[in-house]
Amino acid sequence: MSDPAGVSLSRSSETPAHRYGAALAARIESAWQDRWDLEGTFHTPNPTGPLCDGFDAVKDAKKLFVMDMFPYPSGAGLHVGHPLGYIATDVFARFKRMTGHNVLHTMGYDAYGLPAEQHAVATGQHPRVNTEQNIEIMARQLRRLGLGHDQRRAVKTTDREFLEFTQRIFLRIFNAWFDPDATNPLGGSGAARRIDELVAQFADGSRPTPTGQTWASLNESEQRTLIDSFRLVYSADVPVNWCPGLGTIVANEEVTADGRSDRGNFPVFKRNMRQWLMRITAYSERLVDDLDLVDWPEPVRLMQRNWIGRSFGARVKFGVPKMDKTIEVFTTRPDTLFGATFMVLAPEHELVGALTVSAWPEGTDLRWTGGAASPAEAIAAYQTAAAARSDIDRQVEMKTKTGVFTGSYATNPVNGKELPIFIADYVLMGYGTGAIMAVPSGDQRDFEFARQFGIAIDATIRPPDSWFAEQGIDPTLDCDRWGSAYVGDGSAVNSSNETLSLDGLGKADAIAAMNSWLESNACGHGTVQTKLRDWLFSRQRYWGEPFPIVHDEIGPIALPEAMLPVDLPETDQFAPRSFDADDAASEPERPLDRLTEWKNVELDLGDGRGKRTYVRETNVMPQWAGSCTYYLRYIDPTLVEALTVAENEKYWMGEKGVDLYIGGVEHAVLHLLYSRFWHKVLFDLGVVSTPEPFARLFNQGYIQAFAYTDARGTYVEASEVEERDGQFFYRGELVNREFGKIGKGLKNMVSPDDMYEAYGADTLRVYEMSMGPLEQSKPWETRAVSGAHRLLQRIWRLIVDEDSGECRVIDAAPQRDDLVVLHKTIDAVRAAMDDLRVNTPIARITELTNHLTSAYPSGAPRALAEPLVLLLAPFAPHLAEELWSRLGHPHSLIRQTFPITDPAYLSSETVEVPVQINGKLRGVVVVPTGADAAVLEAAARADEKIRAQIDDKTVRKVIVVPGRLVNFVVS
RNA sequence: GCGGGUGUGGCGAAAUUGGCAGACGCGUCAGGUUUAGGUCCUGGUGUCGAAAGACGUGCAGGUUCGAUUCCUGUCACCCGCACCA
């Protein structure tokens, strides 16, 4: 056969013309990739619909839906860290195809996003152009890896059909409300229902309106406002970081410690602003509880639980008699209510103004005044200072407690005590009610505050003696002698009034007793509080999905689904309007606001009102929107006018959802939480049939790389650094080695293109899989890649003559010891794959290869070469296909049966058993497999080395584990 | 500060339920082929020691006949969260 690559290879006369090298690998790989494309090898049939061709042939196979977290098409292209997970899913998917599964595996692009928009702002080029270019580059790099994706299903979130899909889901969520009394499909309480069911309830009177008026007596505006307040998508004033200089809202992480924007260094103002929100908090209970349904890494489930932050406690009302006000607090420790000695409000709390008295009460402690002449001055100064500090800054400065007194006192409902009310920034507006009752004996922050401000500390829990021992003090209930608050369990003391006594009760009983007392006295009730806040869903940007919403003079109106999609209008001005950097009162003007022809629109919404003028919503959706439910697009990529085809959705999602979802742990909370939320809404509405989207989640580790800094701390090009005697040099200069993420920033970029060129894609695949456990982060080392390359080279040489290129397998029957090694390898590979332990199978395949190359230096028996090729196929598919074809098989091996272990070769007649004396290895005896304890011990005693060491000693005990070991305990 | 994770040769790592520590690979050393190197092949390679042997899984304890594995404490590094009442 003609071998143009061989010509260049044989420039060096000793290199055989048909050695497996980079050039040959490149030819093999591109030939097989073309053939897979041509034959539609990875086209996976659906049960029904346009992609159902060939389903009959696989209808008895088990289905398997394997997904990667799809990438954002970055302009920098891929580095060698990106493909790790993609290779792993591909290896898994290929293995599963060879073990009889119908596998759905494809890849899409999460193509809306800020970088493309910023690129567009900087260059004036439409973000779609740049995004398409990036996708093209990444698609080429990924294709070169030989990933077995069904390309017909390779969607982009920016596709018009995908946009329509996202908007359709938005409408379903917008047109739904959460009914806490409804029964969800799992049988639990709380479910999303269609908004028209709510309207019907109001209309027929089965649900009273909040004001008690009849539905019919409300005017249109009142009716719509009422309904809108129930929707799962709603607008509200929420605190945001407004940056007039950029004209946008920025994320916390984009705000520097001194309250300025990362980009542009403009001032950032914390302000309330009208935003769209999604009512994810309605689902917090189910989002926590249903984590028990999924096979996910425990740390991720823990992170989600912590993020949702469910805690059980009570809401308690404290009266402020002089002001005729009530402060409501949330506490997790209602059992300590008798120990409350002061109250604290967040500086932004709405009651602060009303509670601030005109003059300091007589005898006010100077420490409480902040040095100001009046409470109003002190409060105003403190509020200004708190507002000026960024969130991050406010959280860092926590060592000393700060705060000022409002001059007002609240009454403790259980004992009538007067509690001074402070404001302090250690209480956050965003959690609970933004106010706390302070129990300094039972909360460390309150304790520190009380100490600093000279407030009484009253014990209401008797700490155990062991706690006092740790504190180094004698047991006492005089808290002035305590070194810290006691936050643990213990029996209550000093906790009684005329109608309630907690004294002697433990924490759980005391909480229960207090909660029922609060409820019967109408000053509180037990409740569940979460940290989770509703999802801020609107962005003042261009490159995102437009909301399918228009406004009339009353408010927002959802477009009918038939009017989808709402295309993103064309423009060449992608930046929002920016303002004077210090103009905190400015209002955002979004890119879509300027497109007045698009924005002001005349439509007939089909609601019987005919053609009317509306104003389109000009916010766009966040990037998360496209990634929430993209697995449904993989199932039916061409579907329009519906979200799913039930038969296909049920088939691919099965009982529990996507069978395997691999991605980085950085998405442990946000993406996975948003995705679960949307899925649950769709589940309640009957669109999807599983309670959870992802049955099994796996987080791959990061591939990191060394980076080098010179004497000035500047990164130098890592590829040019040389190592000499454990030190590192860049152009002769000593440099310092660091370790970090791969990328341009650290000048340690390694592109897969470099690896394709030097070794080929199969080598890269095998190397990345062999580096170590998939879930672990590990450093990249280019020079180690050669080991994987040499393995493939030796396998090639077992089957192909390097000089002639002819197949050189022999027909000789394999020896028993060959088959023993083979079947041990098969067994080990099969055992590891389900757990995605991809590194050890390659070690086993290497051992098999090493065995065969030394046993058969001039060509392996066919009966060994063929299973070896099949074992290799998931990892190095191109080479395996090529060898399979050269072994005389005309068809792809993609659906060949993966080799099956013959247990006859796994057990041998004899087994080596270690012999220990006092737990230390002293010898090894060979005994028949299955020898019992007596035989084993006799054999061990008969061993010369062992006998020599135990003869002159007393054997006190003999431990025999048949098949495992013998241990003599001697004195 | 809180939560989670990880610590094993020069390096990446391996070691079903506690039972032969270091499989496999990189690097390195020696030899072979070639000989200009490199490629390729074979063998050695945890540390100390001439050997016998001793020591050895971050460190210090504990449980056990026996611990990389279980428990307690501690140190280092990485990741996440940020006063969550």
Exercise for review: Examine the range A:944-960 for a residue that is closer than 24 Å to A:GLU909 by Cα and assigned to a loop (DSSP other than H, G, I, E, B), and state whether such a residue exists.
Suggested key: no
Practice item. Consider A:ASN648 carefully, then state whether it is open to solvent by less than 10 Å² (accessible area, probe 1.4 Å) and among the polar types (S, T, N, Q). Key: yes
Practice item. Only residues that are modelled with pLDDT of 85 or more, surrounded by fewer than 17 Cβ atoms within 10 Å (Cβ to Cβ) and either among the basic types (Lys, Arg) or outside any loop (DSSP other than H, G, I, E, B) (or both): list them for the range A:896-913, please. Key: A:PRO903, A:ALA904
Study note, to complete from the structure: Of the residues in the range A:115-164, those that are open to solvent by 50 Å² or more (accessible area, probe 1.4 Å) and acidic (Asp, Glu) number 3
Review point. Hey, among the residues in the range A:915-932 that are open to solvent by 40 Å² or more (accessible area, probe 1.4 Å) and more than 9 Å from RNA strand B (Cβ to nearest atom), which one's nearest to A:VAL958 (Cα to Cα)?
Key: A:ASP932
Check your understanding: From the residues in the range A:549-568 that are in a loop (DSSP other than H, G, I, E, B) and open to solvent by less than 30 Å² (accessible area, probe 1.4 Å), which one is farthest from A:GLU220 (Cα to Cα)?
Key -> A:LEU568
Review point. Hey, does the range A:574-597 have a residue that's in contact (Cβ under 8 Å) with a residue 40 or more places away in the chain, of a type outside the set (Gly, Ala, Ser) and outside any loop (DSSP other than H, G, I, E, B)?
Key: yes
Exercise for review: Kindly provide the set of residues from the range A:804-829 that are surrounded by fewer than 14 Cβ atoms within 10 Å (Cβ to Cβ) and within 12 Å of RNA strand B (Cβ to nearest atom), ordered by number.
Suggested key: none
Check your understanding: Among the residues of the range A:833-850 satisfying the criterion of being surrounded by 18 or more Cβ atoms within 10 Å (Cβ to Cβ) and within 11 Å of RNA strand B (Cβ to nearest atom), which is farthest from A:GLN793 (Cα to Cα)?
Key -> A:VAL838
Review point. Taking helices (runs of 4 or more DSSP H) that fall entirely within the range A:618-730, which contain at least 2 residues that are free of Cβ contacts under 8 Å to residues at least 60 places away in the same chain?
Key: A:646-653, A:670-684
Point to revise | Yes/no for A:ALA939 being within 13 Å of RNA strand B (Cβ to nearest atom), over 30 Å from A:ALA31 (Cβ atoms) and in a helix (DSSP H, G or I) | key: no
Check your understanding: Hey, among A:VAL316, A:VAL352, which residue is within 24 Å of A:GLU285 (Cβ to Cβ) and among the aliphatic types (A, V, I, L, M)?
Key -> A:VAL316
Revision key, fill the gap. Taking the range A:268-287 and keeping residues more than 16 Å from A:LEU670 (Cβ to Cβ) and either in a helix (DSSP H, G or I) or open to solvent by less than 60 Å² (accessible area, probe 1.4 Å) (or both) leaves A:VAL268, A:PHE269, A:ARG271, A:MET273, A:GLN275, A:TRP276, A:ARG279, A:ALA282, A:GLU285, A:ARG286
Exercise for review: Pull up the range A:851-869, narrow it to residues that are surrounded by 19 or more Cβ atoms within 10 Å (Cβ to Cβ) and of a type in the set (A, V, I, L, M, F, W, C), then point me to the one that is nearest to RNA strand B (Cβ to nearest atom).
Suggested key: A:LEU852
Study note, to complete from the structure: The correct count of residues that are open to solvent by less than 20 Å² (accessible area, probe 1.4 Å), within 15 Å of RNA strand B (Cβ to nearest atom) and in contact with a Lys or Arg (Cβ under 6 Å, 6 or more places away or on another chain) in the range A:724-781 is 1
Review point. Residue check, A:PRO185 against (1) open to solvent by 70 Å² or more (accessible area, probe 1.4 Å); (2) in a helix (DSSP H, G or I), all met but one. Which one?
Key: (2)
Exercise for review: Filter the range A:238-267 for residues that are touching a residue at least 24 places away in the same chain (Cβ under 8 Å) and in a strand (DSSP E or B) and give the result.
Suggested key: A:VAL238, A:PRO239, A:VAL240, A:ASN241, A:TRP242, A:CYS243, A:THR248, A:ILE249, A:VAL255, A:PRO267
Point to revise | the range A:288-308: number of residues that are in contact with a strand residue (DSSP E or B) (Cβ under 8 Å, 6 or more places away or on another chain) and open to solvent by less than 30 Å² (accessible area, probe 1.4 Å) | key: 3
**Study point:** Residue that is surrounded by the fewest Cβ atoms within 10 Å (Cβ to Cβ) [pool: residues in the range A:426-446 that are among the β-branched types (Val, Ile, Thr) and more than 6 Å from RNA strand B (Cβ to nearest atom)]
**Key:** A:THR433
Study note, to complete from the structure: Here the residues within the range A:343-387 that are among the β-branched types (Val, Ile, Thr), surrounded by 15 or more Cβ atoms within 10 Å (Cβ to Cβ) and assigned to a helix (DSSP H, G or I) are A:VAL352, A:ILE379
Check your understanding: Taking the condition of a type in the set (S, T, N, Q), over 21 Å from A:ASP150 (Cα atoms) and at pLDDT 95 or above, does A:THR644 pass?
Key -> no
Practice item. Just give me the residues in the range A:121-144 being out of contact with any helix residue (DSSP H, G or I) (no Cβ under 6 Å at 6 or more places or on another chain) and of a type in the set (Ser, Thr, Tyr), in sequence order. Key: A:THR123
Check your understanding: Is the range A:569-590 home to any residue that is buried (at least 20 other Cβ atoms within 10 Å of the Cβ) and of a type in the set (D, E, K, R)?
Key -> yes
**Study point:** Close pairs from the range A:1-30: first in a loop (DSSP other than H, G, I, E, B), partner at pLDDT 90 or above and open to solvent by less than 30 Å² (accessible area, probe 1.4 Å), Cβ under 7 Å, at least 6 apart
**Key:** A:HIS18/A:VAL800; A:TYR20/A:LEU792; A:TYR20/A:TRP796
Review point. A:PHE453 fails exactly one of the following numbered conditions: (1) out of contact with any helix residue (DSSP H, G or I) (no Cβ under 6 Å at 6 or more places or on another chain); (2) on the phi < 0 side of the Ramachandran plot; (3) more than 13 Å from RNA strand B (Cβ to nearest atom). What is the number of that condition?
Key: (1)
Exercise for review: Would you check if there is a residue in the range A:682-703 being surrounded by fewer than 17 Cβ atoms within 10 Å (Cβ to Cβ), under 23 Å from A:VAL300 (Cβ atoms), within 31 Å of the chain's Cα centre (by Cα) and more than 16 Å from RNA strand B (Cβ to nearest atom)?
Suggested key: no
Study note, to complete from the structure: Scanning the range A:773-808 residue by residue, those within 25 Å of A:ALA76 (Cβ to Cβ), assigned to a loop (DSSP other than H, G, I, E, B) and not charged (D, E, K, R) turn out to be A:LEU774, A:GLN776, A:SER777, A:TRP780
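The values are calculated or read from the model by the stated rules, or taken from the named source; none is laboratory data. Just so you know, these numbers come straight off a predicted model, no measurement behind them. So basically every Cβ, Gly included, is an ideal-geometry build from the backbone, and we count neighbours across all protein chains shown. Surface accessibility is based on the protein's heavy atoms, side chains included, excluding ligands, DNA and RNA. Shrake-Rupley method; radii C 1.70, N 1.55, O 1.52, S 1.80 Å.
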